[in-house]
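Participant: One structure, as structure tokens, below. Some questions next.
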Amino acid sequence: MTLLAEIAVIVAAAIAVGVCLAMIPRSGHWRIGRAMVMQPSPPDRLARLEQLINASQMSASQAHAYLRPLLADVVASRLAARGQALGRMSEEDSRRLLGEELWELVRPDRPFPEDRWSRGVSPQQLASMLDVLERL
């Protein structure tokens, strides 16, 4: 290969790299020629759920106000599918079925946390509660 051919290959490679770099998204869009292709964003409901979970990890009051009603609805639905209801079960049976963490969060007589800024639900606690819900 001649020197001129080698220079031509290097220049062509540099142009190709420049074109590729120009296509990298800077604001959530892919630029392909004149067309703009939107990157998919999570559905609104999923985004709200993610925000709710993040907030519930930060404080006990957030977990009580937002995560608790959501999980209580899921518990009620899962129990209804089994012909049961949390309000008709003894506390002992409910604790055994739901586990201590989930029961403490969704129990009907749960008071609002005294220390509103205490730690909320940890990711490990939430994972444990979700495991229980999946088994119901």
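Participant: Given the convex hull of the Cα atoms of region 44-135, what is a quarter of its surface area in nm²?
Facilitator: Working: hull surface 23.7 nm².
If you wrap the Cα atoms of region 44-135 in a convex hull and average its projections, you get 5.9 nm².
Participant: Estimate the FRET efficiency between L52 and D131 by the formula 1/(1 + (r/R0)^6), using the beta-carbon distance for r and 25 Å for R0, to the nearest 0.05.
Facilitator: Details: r = 19 Å, r/R0 = 0.76.
About 0.85, to the nearest 0.05.
Participant: At a Förster distance of 25 Å, what's the computed FRET efficiency of R95 paired with Q124, Cβ-Cβ distance as r, to 0.05?
Facilitator: Values: r = 19 Å, r/R0 = 0.78.
Working from the Cβ atoms, E equals 0.80.
Participant: Also: With charges set only on the Cβ (+1 for Lys and Arg, -1 for Asp and Glu), what does the dipole of region 35-117 come to about its Cα centre, in debye to the nearest 20?
Facilitator: Details: 11 positive and 12 negative charges, 62 e Å.
So the dipole magnitude of region 35-117 works out to roughly 300 debye.
Computed from the coordinates by the stated procedures, all read-outs in this text should not be read as laboratory data. The structure displayed is predicted, hence computed values, not measured ones. Backbone-built Cβ (ideal geometry, glycine too); neighbour counts: all protein chains shown.
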